[in-house]
Amino acid sequence: MIRHGETGWNAERRSQGWMDPPLNEIGERQVSLLGEHVREHYSFERVVSSDLTRCTMTADGLGVEYSTDARLREISTGRFAGLLIADIQARFPDDVGPWHRGYGRAPDGESWLDLVARVGGFLAESGVLEVDGDVCLVSHGGTIRALLSVFLELHVNSARLFAQSNTGITVVSREVVDGEHSFGLDMLNDVGHLVGN
């Protein structure tokens with residue numbers, strides 16, 4: 001799983017949700033370094049990206065064919081989207097606390113449990129778990145955390161504590177035991193391709 005490169009909104013600490021800002025210059029450079037690293041160290045049988053621009057720009061940088069799926073989008077932050085984090089706290093004091101703690105819903109948006117259900121549906125229906133070989137999912141910080149909660153059978157509030165940096169690589173291994181998928185966390189948020197660059 002790979003998080004998209006930096007956008008101007010990331011740098012500003014602005015909620016993106018389903019809004020669609022592109023990568024900024026830093027993000028484009030991160031993706032260039034990511035692409036070199038991925039082509040040297042990984043070989044994917046299938047690549048699926050969120051359909052939002054910051055992810056498709058990141059997937060483009062991998063230099064491989066990919067498909068898109070809207071179920072890999074970031075959590076919908078509803079009326080929080082486009083606002084600075086500080087402004088969200090000031091404008092929605094009754095909503096932001098429960099949402100941030102994992103049991104509330106952003107106004108006109110999703111809860112973290114909604115996101116977990118969405119990515120769980122993607123995993124069950126997309127066929128990625130049946131691929132014989134490595135799969136790459138290009139997505140968003142919150143979505144990767146939700147995927148980790150599904151893979152590792154963690155409560156979403158635990159998975160939300162895992163750092164997900166721009167172009168960070170997280171690797172989950174998979175095996176089938178008695179007909180059931182079993183997953184392990186091999187690498188979390190690797191950004192070694194950015195070090196020294």
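What is the local net charge at Asp186, summed over the other residues whose Cβ is closer than 13 Å to its Cβ (Lys, Arg +1; Asp, Glu -1)?
Once positives and negatives cancel, what remains is -2.
What nm value, rounded to one decimal, do you get for the distance between Ser32 and Val64 when each label is placed 7 Å out toward the C-beta?
2.2 nm
Return the inverse of the average 1/r over all pairs of distinct C-alpha atoms in the range 134-197, which is the Kirkwood hydrodynamic radius, in Å to one decimal.
After inverting the pairwise mean of 1/r, the radius is 12.6 Å.
So if R0 is 22 Å, what FRET efficiency would Asp20 and Asn189 give, r being the distance between their Cβ atoms, rounded to the nearest 0.05?
0.40
About its Cα centre, what dipole magnitude does the range 8-118 give when the only charges are +1 on Lys and Arg Cβ and -1 on Asp and Glu Cβ, stated in debye to the nearest 20?
That gives the range 8-118 a dipole magnitude of about 320 debye.
May I ask you to evaluate 6.51 cos²θ - 1.76 cosθ + 1.60, the Karplus curve with θ = phi - 60°, for each residue of the range 179-188 and list the ³J(HN,Hα) values in order in whole Hz, giving x for glycine and proline?
With the stated coefficients, the range 179-188 comes to x, 10, 6, 10, 10, x, 8, 8, 8, 10 Hz.
Provide the three semi-axes, in whole Å and in decreasing order, of the ellipsoid equivalent to the chain as defined by the square roots of 5 times the Cα gyration tensor eigenvalues.
Here the semi-axes work out to 26, 22, 14 Å.
Grab the beta carbon distance between Val171 and His100, set R0 = 30 Å, and tell me the FRET efficiency rounded to 0.05.
That gives a FRET efficiency of 0.65.
Full-extension gain between Leu84 and Glu180, please, as 0.36 nm times their residue separation minus the C-alpha to C-alpha distance.
30.3 nm
Which residues' amide hydrogens lie under 5 Å from the amide hydrogen of Trp18, considering only partners 5 or more residues apart or on another chain, with H built in the peptide plane?
Thr77, Gly78
List residues of the range 153-185, by number, whose backbone nitrogen lies under 20 Å from a label position 7 Å along Cα→C-beta of Glu40.
166-171
For the chain, what is the mean residue ellipticity at 222 nm derived from helices alone (per DSSP H run of n ≥ 4: -39500 (n - 2.57); sum divided by total residues; nearest 500 deg cm²/dmol)?
Helix contribution divided over all residues of the chain: -11000 deg cm²/dmol.
Values in this text are rule-based calculations from the coordinates and carry no lab data. Treat the numbers as computed from the prediction; the structure is a model and nothing was measured. Ideal geometry is used to build each Cβ from the backbone, glycine not excepted, and the neighbour counts take in all protein chains shown.
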